[in-house]
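A quick write-up on the structure given underneath.
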Amino acid sequence: MYCAASNMELATISSKEEDDALVAYMKRNGYEKEPLWVFGTDLGHEKRNEAPNAAHFSWMSTGKPLGYSNWLPNEPNHSGAKMEHCLEINFLQGKWNDNECNTGSRYFVCQFQKS
Ligand SMILES: [Ca+2]
């Protein structure tokens, strides 16, 4: 995928500062209503048909739990009967949401891999 081809990976958000900076960046550039994919998922931590739980989410780059998070109220929710396993930020009001990993086109943010 694009990030990997550029020797990067999807971003992890480890602090409110990083989260705010990205949301501010999107806002400054006129994309305040555009969600952004980051490198979080609950795949591998959630059994089939299990209720959504923020504690199931981890960063794919490290395998570690999210730590800092900024979920919209009632997220993650597997909206409807869908299987929402990917993490997007800047969803509504700059907050986080779980969404289907194959949701149409979305902006995404890469970061250089930490070695
Ligand atoms: Ca959701």
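The residues of segment 71-94 that are of a type outside the set (A, V, I, L, M, F, W, C) and over 10 Å from the mean Cα position of the chain (by Cα), listed by number, are 73, 74, 75, 76, 77, 78, 79, 80, 82, 84, 93, 94. Quick one: in segment 53-111, which of the residues that are touching a strand residue (DSSP E or B) at 6+ places or on another chain (Cβ under 7 Å) and of a type in the set (Phe, Trp, Tyr) is nearest to residue 10 (Cα to Cα)? Per the stated criteria, the residue is 108.
Strands (runs of 3 or more DSSP E) fully within the chain that include at least 1 residues being more than 16 Å from the ligand (Cβ to nearest atom): 8-10, 36-41, 110-112. Pairs are defined by a Cβ separation below 6 Å, a sequence spacing of at least 6 or placement on different chains, a first member in segment 37-57 that is within 22 Å of residue 106 (Cα to Cα), and a second member that is within 12 Å of the ligand (Cβ to nearest atom) and among the charged types (D, E, K, R); the pairs so defined are 37/88; 57/42.
Since every read-out is calculated from the coordinates, none of them should be taken as a lab result. Quantities reported herein were computed from a predicted structural model and do not represent experimental measurements. Please note: Cβ atoms are built from the backbone with ideal geometry, for glycine as well, and neighbour counts cover all protein chains shown.
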